[in-house]
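Bear in mind these aren't lab numbers, they're just calculated from the coordinates by the rules spelled out. Remember, predicted model here, so these are calculated numbers, not experimental data. As a convention, Cβ positions derive from the backbone with ideal geometry for all residues, glycine included, and neighbour counts pool all protein chains shown.
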Amino acid sequence: MVLFVVLTLLALGLGVIPAEAQTIKIGNLVDLTGPTSDQGKDIAQGRNDAVQYINEKGGVNGKKLELVSVEYGFQPPRAVAAYKKFVEDDKVLLVLGYGTPDTEALRPFITKDKMPYISGSYSGHLTDPKMTPYNFPGGIDYTSQIRIFLNWVKEGWKDTSRKPKVAFIFADNAYGRAPIEAGRAYAKEIGVDLVDEEVIPTVLTDATSQLLTMKTKDPDFAYINTNTQWVPVVLKDSYKLGLKTKYVVNNYGIDERTPALAREAAEGVYGIQDVAYWGENVPGMKTLMDWHAKHHPNDTHASPYMRGWLWTLMAAEAIKRAGPNPTGEGVKKALETLREWDTWGITPPFTYTNEDHRPTNRARLVVIKDGKVVPVKEVSVERDMKWIGK
Amino acid sequence: MQSGDFRVTYASDERIFETRLPIVALVGLLAALALVPLVAGTYWLDVLNRIGIAIIGAIGLNILVGFTGQISIGHAAFLAVGAYSTAIFETKAGLPFWLAIPLAAAVTSVFGLVFGVPALRLKGLYLAIATLAAHFITTYGIIHWERMTNGVLGFNVAPATVFGLPLDSDARIFYLIFALVVPAVFFAKNLFRTRVGRAFIAVRDRDVAASVIGVSLYRYKLLAFVISSFYAGVAGGLMAHHSRIVFPDAFSLLVAIDYLAMIIIGGMGSILGSIYGAAFMTLLPEVLKLSATSLTGVYPNAFGLIASARDIVFGLAIIFFLMYEPQGLARIWMRFRSYWKLWPYAY
C-alpha cells in the first residue's frame, strides 16, 4: 500500500515537471550546509527568486531559464563533480559559481570547456582574463578591498611620529588567504606597517590565542577576512580582552546581521560593502520588496540575497545580449560588453572588458553604530593593471 | 535447485561459489558493468565511480576493523596520504599514474605500519583515540608542509593517461577504478581463506587465545594495518584522479566516520558487506538530493531542507542497523536469499 502511494506520488511528481524544449539551463552551485552557509542560503534563494521573476516576465529572448542546483558544502571535490554533471548531463549554458576554493579548483575545467562562470568569489587571482578568460567575479575583488582599507588607514593617519600599524586576520582557506599577499605588497608600497598576521580556522569557535598574540604587536587597525558567522567570534573575543584595535571587515564578513550577532562588541567596527542592504533606497529595491511581499512575506533577508539576484540578472542580461542561439563563447563575449551596466543600484555599475574582469573599483565604507550598519561614504581605488590577477 | 549441503572435503568447504549460478551471475554483472559507460550519463557514472572508490576503501577498513578487530578512526588520514602521495609523485616527480598509485599505496602502508604500532598495546576505545591522533597529525602535516602539499589550497591533478589517452571523463576513469575494484575484492575474499586471514579473525575473536595457540599478535596486528592502509592508499590515489584535485578538507574526520558507517551498515567482517555499505552510503545522499530536486517543482525550498537532512538520515540509519541488524546489509541479503532459495517450500 505504502509502496503504491509512493509510486503514484513519484509518477505525479514526474508529470508535474514537463521537459520543456525552450529552456536555457544554468548551473547553480551553492553551499547550504558548509562553513559559508550564512551566505549560501540567502544567495540560493536570491537566485531562485530572480529566475522565477525573469520567467514571469517572459524569460530571456522568449526562452525560460532553469536553474540546475547542486549543494556542495564548500568542498572543492564536490564542486568538481557538480561541474562535470552541469557540463555533460545538463548541458548548461553558464554556471553561477560560489566560493574561492572551488572556483580556483575549477579554473582548468572552465577554460577548457569555454564555460562562462559568474563566481561569488571575488578573489584577485580570478580577475585576469589572460589566466581565467571565462571567469567573471561578481563584485569588487578582495585585492581592491584590501587596498581600499590600506589607503583609508593611511589617509586618516595624523600622527607624524610613526607610521600606522596594521594587522591581517584571515581564515585558513583559499578565500581567507586570497588578498593577503597583495595586501603585504601594497602596505609596503604605501608605507603602512604590517605588524602582524593571524590565521584563524575556517570554522571558528575561539580566537583568544590569536588575539593575545596580536595584542602584543598592538596594531592600530586590523583587517578581518572571513565570513559573517565567524567575524562576531573575533569581535567578541577582542571586546573581552579589551583590545584597542579598530577593525575593518571585508564584504562577506559584515552585513545587517552582524550587530545582532556581536552586540556591543560590534560597535565602531567598519566594513567594506559591495551591495546595498535589504530595504535600502536604491532603484531596484521596490521590485525586490514587492516580490518578497508577494511570495514569502515572512522571510528575512540580508545582503547575500541581493547578490543572488544580482548575479542572476547579470547572467540573464548576458544571455539576452548573446542573441537567440547563445553559446558559451557568445555569453562570455556578451559579458565583456557590459559597460557601466546598471545593477538596479544594488552595486555600483559593472564593467567587464576582455582585459579586465574586475567589475568595479567602487564600494561603500560602513560602520556599526547603535546596533545598526550605517553607510559612511563611497570609497574607491584606482583600477591599476598592476594588481590584476594578484 | 540445491538439494542439500554436502561438504566432504576441505576444498568444498572453502569454496567461494557454492554453485555455478553465482559465477555466471558475476560474469554477467562484470560484463554489464563494462557496458555501463556507454549508456549512463556523467552524473550516474560519477556516483558509480565514487562507489567503486568507496568499495576499495571500505574493504580496507573492514579488514582492519571488521576482521581483525582493531578499531580505527584514522582511515581518512590513510586515504589522504594515498591521495597526496599519488598527486605529489605525479605532479612533482612526473611519474605516470600506474607507477604513482602503487608507490603511493606502499607509502600509505608504511604510514599505516607506523600508526599501527600503538595497537600492540592498546585495544578498543584506547586504540580508536590513538588512531584519531594519526588523523590530526596527518591533517596538520598536510596543511603545514606547504612546499609539497600547497597547504589549505590543495592542488589540481592532471588526468591519468593510458597509451596517450587521457582518462579525463568519468566514463574513462570508470574502467580504471573498476579494474582495481575487481582484484581488490578478490584479494580480500581470498585473504580470509589463508593462514593470515584466519589469524586476523583469531586476533579479533580473542587475542589472548590467539597468541596462546601461536598467532604472533605483533606480526598480525601490524600486518592488518599494512594491508588496510594499502587499500586506503589505492582508494586515495583513485580519489585524486577522479576528483582531479587534492584538498585537505576532503579528508576530514567525517570521512573516517562515513567509512566506519559503511562497514557497520554493510556488515562488519564481510567483504560483500563492504560493497553494500559503500554503495548504500554513497547512494543515500544522491537519492535524497534527487527527491529534493523533484520536489522543488511543488515546494521550492525542499532543496535547502533536504540538504541538511542528510546527516539526520545517516544517524538514524546507523541507529537502526545497530539495533535491528548489527550484521548489516550483508546479513539482510543472506536472509533474503535463503528465503527465496527455499520458497515456497520453506520448512
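With a 10 Å cut-off around each Cβ of B:247-254, the average count of Cβ atoms from other chains is 4. Considering only B:Ser72, B:Ile51, B:Phe136, and ranking their Cα positions along the charge dipole of segment B:36-342 that arises from unit charges at the beta-carbon of Lys, Arg, Asp and Glu, the one farthest toward the positive end is B:Ser72. Mind checking the dipole of chain A: about its Cα centre, +1 per Lys or Arg Cβ, -1 per Asp or Glu Cβ, Debye to the nearest 20? Charge dipole, chain A, about its Cα centre: 460 debye, nearest 20.
When A:Ser123, B:Ser229, B:Ser291 are sorted by how many other C-beta atoms sit within 10 angstrom of their C-beta, beginning with the fewest, the order is B:Ser291, A:Ser123, B:Ser229.
Taking a ≥ b ≥ c as the square roots of the eigenvalues of the Cα gyration tensor, an a/c ratio of 1.5 or more together with a/b no larger than b/c marks segment A:236-390 as oblate. Round to the nearest 0.05 the FRET efficiency obtained for A:Thr327 and B:Leu120 when R0 = 60 Å and r is the Cβ-Cβ distance. Result of the calculation: an efficiency of 0.45. Between amide H atoms placed 1.01 Å from N, distances below 5 Å from A:Leu194 occur with A:Val166, all of them 5 or more places distant or on a separate chain. Here segment A:308-329 is scanned for amide nitrogen atoms under 18 Å from the site 7 Å beyond the Cα of A:Asp290 along Cα-to-Cβ, giving A:309-310, A:313.
Taking the Cα centre of segment B:36-342 as reference, the dipole from Cβ charges on Lys and Arg (+1) and Asp and Glu (-1) amounts to some 1040 debye.
Out of segment A:327-369, which trypsin sites (Lys or Arg not before Pro) are coil in DSSP terms and have no more than 14 other C-beta atoms within 10 Å?
Numbers: sites: A:Lys332, A:Lys333, A:Arg339, A:Arg362, A:Arg364, A:Lys369; in loops: A:Arg339.
Sites meeting the loop and neighbour criteria: A:Arg339.
Using only the Cα atoms, what convex hull volume per residue in Å³ does segment B:36-342 have?
Values: hull volume 49.6 nm³, N = 307.
With only Cα atoms used, segment B:36-342 gives 162 Å³ per residue.
Cα axis of helix A:37-56 to longest principal axis of chain A: angle in degrees, 0 to 90, nearest 10? Helix A:37-56 and the main axis of chain A meet at about 40 degrees. Max-minus-min Cα coordinates of the protein assembly as shown on each principal axis give 95, 62, 51 Å, with the largest extent listed first.
The helix-based estimate of mean residue ellipticity at 222 nm for the protein assembly as shown, built from -39,500 (n - 2.57) per DSSP H run of four or more residues and divided by its residue count, is -18000 deg cm²/dmol to the nearest 500.
The mean sequence separation of alpha-carbon pairs under 8 Å and at least six residues apart, normalised by the residue count of chain A, gives a relative contact order of 17 percent. Amide hydrogen proximity for A:Leu94: with H placed 1.01 Å from N in the peptide plane, the residues at 5 or more positions away or on another chain lying under 5 Å are A:Gly27.
In a simple Cβ point-charge model (Lys, Arg +1; Asp, Glu -1; nothing else charged), the protein assembly as shown has a dipole of about 1320 debye relative to its Cα centre. Restriction of the trypsin sites (Lys or Arg not before Pro) in segment B:122-195 to DSSP coil positions whose beta-carbon has at most 16 other beta-carbons within 10 angstrom yields B:Lys123, B:Arg193. Taking the fewest neighbouring Cβ atoms within 10 Å as the starting point, the ordered list for A:Met131, B:Met268, B:Met323 is B:Met323, A:Met131, B:Met268.
Judged by the gyration tensor of its Cα atoms, with axes a ≥ b ≥ c, segment B:60-218 is oblate; a/c meets the 1.5 cut and b/c is at least as large as a/b. Of the chymotrypsin sites (Phe, Trp or Tyr not before Pro) found in segment B:107-208, those that fall in a DSSP loop while having at most 10 other beta-carbon atoms within 10 Å are B:Phe163.
Please give the FRET efficiency for B:Val212 paired with A:Thr23, using the beta carbon to beta carbon distance and R0 = 45 Å, rounded to the nearest 0.05.
Values: r = 71 Å, r/R0 = 1.58.
Result of the calculation: an efficiency of 0.05.
Per residue of A:68-80, what is the mean number of Cβ atoms on other protein chains within 10 angstrom of that residue's Cβ? Don't skip to the end; give the middle numbers.
On the way: counts 1, 7, 5, 9, 1, 4, 1, 5, 10, 14, 3, 3, 7.
Whole-number average of other-chain Cβ neighbours for A:68-80 is 5.
Overall, the anisotropy analysis places segment A:172-224 in the oblate class: the square-rooted eigenvalues a ≥ b ≥ c of its C-alpha gyration tensor yield a/c not less than 1.5, with a/b not exceeding b/c.
Each Cα pair under 8 Å and six or more residues apart adds its sequence gap; the mean of these over the residue count of segment B:36-342 is a relative contact order of 31 percent.
Provide a whole-number value for the mean count of partner chain Cβ atoms within 10 Å of the Cβ atoms in peptide A:86-93.
Working: counts 2, 1, 8, 7, 3, 0, 0, 0.
Going residue by residue through A:86-93 and averaging, the value is 3.
The calculated FRET efficiency for the pair A:Glu382 and B:Met323, based on their C-beta separation and a Förster distance of 60 Å, comes to about 0.35. Seen against the Cα atoms of chain A and their longest principal axis, helix A:2-16 is set at about 90 degrees.
What longest range of chain A stays clear of loop-exposed GluC sites (Glu not before Pro) (DSSP non-H/G/I/E/B, at most 11 other C-beta within 10 angstrom)? That would be A:21-339. Site pair A:Lys246 and A:Lys372 shows an inter-label distance of 2.2 nm when each label is modelled 7 Å from Cα along Cα→Cβ.
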